[in-house]
Amino acid sequence: MKERYSRQTLFAPVGEGGQLKIMKKHVLLLGAGALGSANAEALTRAGVGKLTIVDRDYVETSNLQRQQMYTERDVAEKLPKAEAAKRHLLDINHEVEVNAIIMDATAQNLEQLLGDVDLILDATDNFETRMIINDLSQKLHIPWIYGACVGSVGMTLTILPGQTPCLHCLLKAIPIQGMTCDTGGIISPAVTMVVAHQTAEALKILVEDWESVRPALVSFDLWRNQYQTVKLTKAKKKDCLSCGEQRTYPFLTMENATKTAVLCGRDTVQVRPPKPLELQLEKLAKDLDGSGYLVKFNPFLLSCEKAGERIVIFKDGRALIHGTKDMVHAKAAYQSILG
Amino acid sequence: MINVLLFAQLKDELGKETVSIEGNGMSVAQLKGKMKVDFQLEGLETVMTAVNEEFADDDTILSDGDTVAFIPPVSGG
């Protein structure tokens, strides 16, 4: 075995056999933000065979505080995150096959990428995409690792199809109006802590040490000094529509997807959630105000503005993103506020 | 008494991490309703609940001495 991986193979649960497995595996990483860049670096250093990175965004100055992969030069070049990540990763380990895909992930385009994938790593910033991952994981029998962070808080969960409960068993509906990094801020150790858990789980799965996979949800808060693991022995639901006996994979259908449309001649994109929401506009206004948005609201709608972009959100969750015709950008802006 | 543990922003909303509630025989949903009325806690509908460190549904019945943790799901990344 190569000198390069000698310290990792000395670790008995990996060993030379485990390293050979890692080097044959294909991981799909969805999202190349904070969680994505740290996960990508760890797996690249560990010598994973192939890494596919999917992301819809480009590198901005406000990313640099915590998205460890990126540099000021990436910002100056306005590089897409997937492409910038690929360049840095190949500098770290040119033996890894890195596949950068710049796209807004949907149920349809994501499924086409999963043919020979051994593990899906979640580094997204919204539950809609996670529920799509969750359904695809069940349908195609691919393990995935949920990871999320905001403020000083983080959460992770490993999902093994046919074995553990799935994310849909734990969340009956997609939570609305969760805190996002755009409304609640984020400190870098929350990212690192989530990634430490995700990467450890990923290595267990890649070396096929299934016994060691953590059978629990992890939740922590590094500022309020909390750490909790929640066992899931009774959480798997027989009637779950994603992993149960009569499954329909509901999040793979268009009716459960957020819809976007360019409004004619207005330089505005309308974003519509799958089902009407009941937003608490006053609370949302408070969160956005605290994170640097110029906010106005009344009982019917909220208008917020930052960096020249104005977003109007109606109480039922419909939004108008002004100053753009780019539907992918508009959906990303919407999900950065509402999660 | 039921010991209730509040995580993340819920801890800030209540101003402390734990509270004891008279709730023997209540369901998790009823406890959430009581917490909402007594402490004006928002967003309990979508939190994950653990009873004695085991994931629990809204219809789980609580007994004296149980520890209930309310954990808001996290979305960012």
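A few points about this structure:
- Residues that are more than 8 Å from chain B (Cβ to nearest Cβ), among the aliphatic types (A, V, I, L, M) and either surrounded by fewer than 17 Cβ atoms within 10 Å (Cβ to Cβ) or under 25 Å from B:Thr67 (Cα atoms) (or both), drawn from the range A:207-220: A:Ala216, A:Val218
Residue-by-condition table, conditions (1) among the acidic types (Asp, Glu); (2) modelled with pLDDT of 95 or more:
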| residue | (1), (2) |
| --- | --- |
| A:Asp209 | yes, yes |
| A:Leu222 | no, yes |
| A:Asn225 | no, no |
| A:Ala235 | no, no |
| A:Cys240 | no, yes |
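- Members of the range A:115-154 found to be of a type outside the set (D, E, K, R) and over 16 Å from the mean Cα position of the chain (by Cα), listed by number: A:Gly115, A:Val117, A:Gln138, A:Leu140, A:His141, A:Ile142, A:Ser152
- Condition met for A:Val191 (at pLDDT 95 or above and touching a Lys or Arg at 6+ places or on another chain (Cβ under 6 Å)): yes
- Evaluating A:Lys283 against the criteria (1) assigned to a loop (DSSP other than H, G, I, E, B); (2) of a type in the set (D, E, K, R); (3) closer than 29 Å to B:Asp59 by Cα leaves one unmet condition, (1).
- Any hit, the range B:45-54, residues being without any contact (Cβ under 8 Å) to a residue 12 or more places away in the chain, surrounded by fewer than 17 Cβ atoms within 10 Å (Cβ to Cβ) and within 13 Å of chain A (Cβ to nearest Cβ): yes
- Conditions (1) charged (D, E, K, R); (2) facing chain B (nearest Cβ under 10 Å); (3) surrounded by 17 or more Cβ atoms within 10 Å (Cβ to Cβ); number of the one not met by A:Lys204: (2)
- Restricted to the range A:14-56, and to residues there that are surrounded by fewer than 18 Cβ atoms within 10 Å (Cβ to Cβ) and farther than 19 Å from A:Leu119 by Cα, the residue that is nearest to the other protein chains (Cβ to nearest Cβ) is A:Gly15.
- Hits in the range B:55-72 - residues which are within 11 Å of chain A (Cβ to nearest Cβ) and crowded, with 17+ Cβ neighbours inside 10 Å: B:Phe55, B:Ala56, B:Thr60, B:Ala69, B:Phe70, B:Ile71, B:Pro72
- Selection within the range B:2-49 - on the phi > 0 side of the Ramachandran plot and at pLDDT 95 or above: B:Gly25
- Residues in the range A:149-161 that are over 17 Å from A:Thr229 (Cα atoms) and in contact (Cβ under 8 Å) with a residue 60 or more places away in the chain were compared, and the one that is surrounded by the fewest Cβ atoms within 10 Å (Cβ to Cβ) is A:Pro161.
- Selection status of A:Ala105, in contact with a Pro (Cβ under 9 Å, 6 or more places away or on another chain), outside any helix (DSSP H, G or I), touching a residue at least 12 places away in the same chain (Cβ under 8 Å) and within 14 Å of chain B (Cβ to nearest Cβ): no
- Matching helices (runs of 4 or more DSSP H) fully within the range A:34-98 where at least 1 residues are under 19 Å from the mean Cα position of the chain (by Cα): A:34-46, A:81-92
- So A:Phe251, is it exposed (fewer than 15 other Cβ atoms within 10 Å of the Cβ) and either closer than 25 Å to B:Ile71 by Cβ or in contact with a helix residue (DSSP H, G or I) (Cβ under 9 Å, 6 or more places away or on another chain) (or both): no
- In the range A:130-141, the residues that are surrounded by 20 or more Cβ atoms within 10 Å (Cβ to Cβ) and either touching an Asp or Glu at 6+ places or on another chain (Cβ under 8 Å) or hydrophobic (A, V, I, L, M, F, W, C) (or both): A:Arg130, A:Met131, A:Ile132, A:Ile133, A:Leu136
- Per the conditions (1) surrounded by fewer than 17 Cβ atoms within 10 Å (Cβ to Cβ); (2) more than 14 Å from chain B (Cβ to nearest Cβ), the sole criterion not satisfied by A:Trp223 is (2).
- Those strands (runs of 3 or more DSSP E) lying entirely in the range A:142-252 with at least 2 residues small (Gly, Ala, Ser): A:144-150, A:216-221
The values are calculated or read from the model by the stated rules, or taken from the named source; none is laboratory data. No experiment lies behind these values; they were computed from the predicted model shown. Heads up, the Cβs are rebuilt from the backbone with ideal geometry, glycines too, and the neighbour counts pull from every protein chain shown.
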